Amino acid sequence: MKKIVSALLLLSLCLGAAAQSRRISGKVTAKDNDSPIPGVSVKTTGKAIGVQTDAQGNFSIEVPEGVTSLEFTYIGYQKITLPISGQTVNAKLESTTSGLNEVVVVGYGTQTKKEFTGAAARISGTLVKDAPVQSFDQALSGRAAGVSIASPNGVLNNPPVIRIRGVNSISLSSYPLVVIDGIPVSTGNISTSTSVPNNPLSDIDPADIESIDVLKDAASTSIYGSRAAAGVLLITTKRGKEGKAKVVYDAWGSLTKAARLPKLLDATGYMKYKNEAVYNAKILGGNENNTSVAAELFFPDYNADGSLVNTNWYDYIYRTAYSQNHNISVSGGNKTTNYYLSANYSNQQGFVVDNEFKRKSLRFNVDHEVTKWLKFRAGGAYNTTFNQSQNTGSLPNSTFLLIGAARLATALAPNVSVYNADGSYNLSSTGTLGMGNNLVTNTLWNAKALFDLSSYTTENDRFQGNVGGTIKLPYHFELNTTYAMDRLRTENNTWLSSQLGSSGYSVGGSATNVSALRNNWDWASTLSFNNKYRKHHVTALFGYDVQKFETTTWGAYATVAADNFFTNYEGSYSTVAASGNGRSEKAFISYFSRVTYDFNNKYFLTANFRRDGNSALGVNSKFGNFGGVSAGWLVSEEGFYKRLNISHIVDNVKLRASWGRVGNGNVSNDYASQSLYSSSLYGSAATWYLSQAGNPDLAWETSKQTNLGLDLGLLNNRIQVEGTWFNNDVNGLILSAPQSASKGIPDNAILMNVGSMYNRGWELGLTASVIRKENFSWDASFNYTHIKNEVTALASGNSDIIGYTHTSSEASNVTRVGYSVGSLYGAKTDGVNPANGRRIFINKAGEKVQYSATVASGESNWTYLDGTTAAAISASDYYLLGNALPKWYGGLSNTFRYKNLDLGINITYAGGNYVMNGTKGTLRDQRFYNNYTDISKRWTTVGQVTDIPRLVYNDQISNGSSYPISANVEKGDFVRLQSLTLGYRVPSKVFGTSGITSARVYASGNNLLLLTGYTGTDPESSSNGNSNTTPGIEKNAVGQGRTFTVGINVGF
Amino acid sequence: MKKIYLYIGLGALLGFSSCSEKDLLDTVPSTSISDANAFGSATRILGLVNGAYDAVKAASLYGGRYLLYCDVRGEEFINVTANSYTAYESWNNSYNSGSNDINNLWSQAYTAINDANIIIAGLATSTGVISDTLNAQYTAEARYIRALCYFSLVTVYATPYNADQGASKGLPLRLQAETNGDNNDLARSSVAEVYAQILADLDAAEANLPDSYSSDLLNTTRAHKSTAIALKTRVYLTMNNFAKVVEEAAKIVPQTTAPFSTTSYGVKHALQSDITTLFGTTYTTTESIFSMPMTSTDSYSGQSAIGYIYNANSEYYLNPSGILGNAQWGTNDKRRSLLRVASNLYYLKKYAKASPYVDYIPVIRYSEVLLNYAEAAAQTGDLTLAANLLKAVHARSDASYTFADADVATAAALVATIAVERRIELLGEGFRSGDLLRNLQTIPAKGSSSLQANAVEPSASNYIFPAPNNELTTNKLY
């Protein structure tokens, strides 16, 4: 390293000897953290004399006479020009967020922002490394235009709901393709339990991430052909940089609490309103004078000291959670060899009792230039992650489970105790919560006993590695090859005690272990060409990529524990059966190419082509061809533009246009196209049965995407504007096409290519250096996305696709032609009849019918308002109740710096959608469930106008417990203060000779404030996780927590 | 030299593609077989037949819950949990098209029907793998399964046959194997047409089913000739075709006085001396004509197991004003030992095994055939035979009981007494609401101090189950 510097110095000396000159020296540091930047190009303005800074950021340059300023340029930083005054010129470089020379990572290569003609966004790793999250994807909210990220619930390590430019499929995943250092990896939830989630992206230590590039339009994603219909996230991990070894230590600790919990009735209120409901039922049933029908069923319990038992179940289900995260990295290198090494330890608690996440990881990356024409690179990461959670009812397919913690927290009776006087759990004879003096049977569990007597864990053990090389060939060709492996073993363990009070009591206790191995390898090779002939710049890329996923799962389910001592599968049980067995493989083979051409740095053209083979598709259509073209015109480089007055204000103008066709064949089932028979048991006899009706013609979904964009740079690029219009027509949608149940097809569905839809909208990104002074700066970035989704065709005569939340009685969403995917669905209501307090429904004929849960014998529960018998409201009366997909969303982030202080404010917002506040149905449930305090607004007197019907015991329909009703549909618009961070950079003089070069301490808060008219816990909640067809449902799920963090970043 | 580099580069690039595309892309699952091979061996064909039985054994069908729905609709049980996942909606007759039970039951019965249709279609074309005799037997078993499922559906989802001699709309009658996306739309056949198909299937089944199998287990869990005949007595009884009930019953109940037993066919069906042995001890006696086998590796638990709902979790107790208090059910009646008492409430313990819930679920018992026969005999004027049959069933569990003359003197009295006997003998085996519906009787009101269910008149829309959404939304001709 030093040799090079001296060689350069020598060179400059030689040049300097030819003219009158002087020597200028100085130091280049990064503006944000004062750390020295090596390798910065320092040039004299207007003259081709230049040097580079050394490892300490120092430079020394011989400057010819007449030169009055120096230019400093470095990739990733804004170029600055400083006047020469005196012998020393120190420069502080500011990192660019969207400078034209910024590198954009595109598939199988990089381009500069200037050359790039598609639509992409880059998110720096520094934005995710300090966030109190489990996986980096959770920290991207509001960071980029067109990218919507929502947390479906507050359980640790849930995969967030990510949508890049909307929902682009119906039955397939709308999760983007995630590529880490070149290898596409598994996403979603790989846990086999509906209690504890396991997002495999949490295996990546967020601090190892250098950058996240989001590819949004077809022209950018089509290099990934069929795998990229939902966009692509390209993750680049950190690598060493030439220079002295840099050591960085980052740590944070945090505290999380539940936010926005509903206010519940206490014991007195509970008994009051429940008994009111019991009495109303007695009267309405015509039993006012019938002594065999109770007038009250709820009675108080007293503690030993005579006080009323008044249990707040929140105390046993929620907690203040503490978390910590430590990260250390060492990186550096010389001219030929660079390295990066890091270690991470994370130990996080969730605010629901028992919810934990732990990660230990190690990563190394190394680059070596073997010879001038051969480069070698390798990397590897090993980690273990551990997830533990009780069932919260928040994950998909757990909404109505009796063990769901979120519902237990609100529904359990407050007038009974957690423990008996002798310290044992208060339980009924079947193990549910004992109801004390209440005369009703309870089906819900004693949360404390349930939690103590069960555990659900899922643990990953993973190695990801890659090795590759680059050979420089003659004629500007370069050959690149990378082999990557990703071996992920997951162990899912569930234990339910045999003791009374456990949900496993009825089976004598149970333990389930399921082990899964996901083996994934990828070999990608490219031959590229890059050359300039005068004003012509041509690059070309040809490649071949083959990837294979093999998944094996096996396990066992044991019941009837020999003794309640056993708390795991390895104990002694009398019955053991196989559980969770599976074996599948999937392969992709792809040929691709990209050609770019630009003329005179003004006109840019890119064309992509990819031919993909996918093993999961039908025998008749395994291969598909995809591609895109894009063009850009840097108007501001044109002479005519430079002559315009406006060019002094708008100094950069670029027009972009692209069109592309990408596919989607990401069926989750590796054998989706095949008709299959599976084997099981009939008693002890072996069976075969039709387990899947296939479709040999199953082919790709295809998206035709058009993208038109305008990029502006104003006031010396201090303000940058990016506007993009996009239209994505998706055809041949793969649908789990519903089949008439009477056909007896497994799951009543067959995957078919039917249906089409579009996503259309525009994005606006604004980045501004509002104030840039020596001691004070304000940078702001704002993004806005407007999107419209509409389904234009569906299977078999456009019949609706009904989406269900957990069970088939909860038909909560409908996908209907002419509306957006997964619109809210349910019975339409029209308030409460002031005359009698009954809920009014609107039937399919548009008539008003009212409901009373209890009526006297011979009367009908359902009547018209005049009292005549009406047909019951059923699913055939359901209406589409509103769009569930946000129509607009985005973020606003501000960074203020004053001397050594920095303040970051990140705000996210979304709206234009409706949310089914199904939890409201639970909070008003008229069984023995506790209610929220708003229940006091129930109807009581003739003429009263209210939205809460008369309380009738066991009424499960009027408030939306049995099926969704429009009374619970609310607007989902919100603005969230996602994070607020205050940091202080310790002045470097403090460190003396300690070896510390920089240090920053910070405090931050996440989810501090939510402005919304939505009355549920969180408008971003999603009981169905990432599902395309059932979005916008909040039902019995835990909301997001509020987190306070303090942290430190130290550099050596 | 430079050219060599280039050639090496291109060669290496192309070399990678030598991985066979076919090997990589034509993946074949190793845990299931493709449709092309399903009928490939004798073992697999037998597996398909067992698979169709297993579909009948699904939790929502004869794995137990179908019995639960049909029982709790009637007046014998009182619900305590108001939980719609354990048949509360059946108990208070408040089902709607979206209800889980309504959708799951329909879907599961039709799955079994399609499995049967696949076997029937596959065996019609497959030759050489199994003998013609076996081919005919398997086809007969499939038709028996299809008949059982259609009968199970038509009696709950369609207007009772006796209301209008089957003129009402019944069910979509699916008789061909469905394995692709065609044929979603199919209009309902009339109730009469559905019954005609059921009887055609059972007649054909009777012709080709074996007299018996090699073991008691197989005799109980797979259909033989008597199984088809026994089911026919139930079907004809539901149609009030008493002459045919007598005709069919006589084939397997040839005697006119006790003891009654089957003589003509391989399996000598007869009442066991102690009814309690059928529940919990010996599931494969000659009294159990057709039952669903349960083993520790193939059984249901939790809300899928009726043993859990009735017994372990005590969600239904016996209505004190139902059959429990009837004088015909004497205190010494052995059948009372199939109940247990807790806090003065009686719970059914016909399915009493704790986890794993391996009690077999009875579908057809010989005592039911005797009672079917008795009712038909009474209705057709053979009062002596009717009384003999009735007494045989009753005396087996309570030998000391003597029927009052008034209870057996006339045809009408006998029919009423037999109806009571059915409620005692077949309690918890899925008969009560079916018996109410076939006689077009009102479903009585019932309740406790906290939960009440109103009576349901035959004219009420909830007298039968509503059609499920999973059919309504896709079958435009329904």
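At-a-glance table
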item	result
Residues of the range A:458-475 with amide N under 15 Å of the 7 Å Cα→Cβ point at residue A:491	A:458-462
Label point distance in nm, residue A:868-residue A:291, each placed 7 Å from Cα along Cα→Cβ	4.2 nm
Residue among A:172, A:219, A:232 farthest towards the positive dipole end of the range A:103-241, charges placed on Cβ	A:219
Mean-position separation - Cα centroids, the range B:229-282 and the range A:814-831, in angstrom	53 Å
Modelled FRET efficiency - R0 41 Å, residue A:368 with residue A:641, Cβ distances, 0.05 increments	0.35
Degrees, to the nearest 10: B:42-56 long Cα axis against longest axis of chain B	50 degrees
Nearby lysines by direct alpha-carbon distance to residue B:232 (threshold 19 angstrom, same-chain neighbours under 8 apart not counted)	B:244, B:251, B:268
Candidate aspartates and glutamates for bridging to residue B:446, where Cα separation is under 16 Å - those fewer than 8 sequence places away on the same chain excluded	A:859, B:71, B:75, B:76, B:89, B:315, B:457
Helical mean residue ellipticity (222 nm; -39500 (n - 2.57) per DSSP H run of 4+; nearest 500) of chain A	-2000 deg cm²/dmol
Extended-chain gain in nm, criterion 0.36 nm per residue less alpha-carbon gap, residue B:132 and residue B:297	56.1 nm
Environment charge at residue A:1045 (Cβ cut-off 14 Å; Lys +1, Arg +1, Asp -1, Glu -1)	+2
Likely footprinting exposure, A:356, B:429, fewest C-beta neighbours within 10 Å first	A:356, B:429
Entries in A:272/A:828; A:548/A:743; A:31/A:535; A:31/A:129; A:216/A:887 that, when Cα-Cα distance is taken, lie over 27 Å	A:272/A:828; A:548/A:743; A:31/A:535
Cβ-derived FRET efficiency at R0 22 Å, residue A:124 paired with residue A:982, nearest 0.05	0.70
Cα gyration tensor, chain A - rounded (a/c under 1.5), prolate or oblate	prolate
Neighbourhood net charge (10 Å Cβ-Cβ; Lys/Arg +1, Asp/Glu -1) for residue A:915	-4
Folded to 0 to 90 degrees: helix A:267-284 orientation relative to chain A principal axis, Cα	50 degrees
Folded to 0 to 90 degrees: helix B:2-16 orientation relative to chain B principal axis, Cα	20 degrees
Whichever aspartates and glutamates have a C-alpha closer than 13 Å to that of residue A:642, once near sequence neighbours (fewer than 8 apart) are set aside	A:651
For the range A:380-387, 3J(HN,Hα) per residue [Karplus equation, 6.51 cos²θ - 1.76 cosθ + 1.60, θ = phi - 60°, Hz, x = Gly/Pro]	x, 9, 10, 8, 10, 10, 10, 10
Two-decimal Rg to Rh for chain B - Kirkwood Rh, Cα set	1.07
Charge dipole of the protein assembly as shown about the Cα centre (unit charges at C-beta), most positive-ward option of A:802, A:963, A:698	A:698
DSSP-defined antiparallel bridges as percent of all bridges, the protein assembly as shown, nearest 5	95 percent
Packing-based exposure ordering (other Cβ within 10 Å, fewest first) of B:227, A:940, A:481	A:940, A:481, B:227
Neighbourhood net charge (14 Å Cβ-Cβ; Lys/Arg +1, Asp/Glu -1) for residue A:355	+1
Rounded if a/c under 1.5, otherwise prolate or oblate - the range A:103-241, Cα gyration tensor axes	oblate
Residue order, fewest to most beta carbons within 10 Å, for B:407, A:205, B:185	B:185, B:407, A:205
Dipole magnitude of the range A:573-616 about its Cα centre (Cβ charges: Lys, Arg +1; Asp, Glu -1), debye to nearest 20	80 debye
Gain in span if fully extended, residue A:110 to residue A:535, counting 0.36 nm per residue against the direct Cα distance	151.0 nm
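Quick note: the coordinates plus some simple rules give every number you see, no bench work behind them. Just so you know, these numbers come straight off a predicted model, no measurement behind them. FYI the Cβ positions are ideal-geometry reconstructions off the backbone, even for glycines, and counts take in every protein chain you see.
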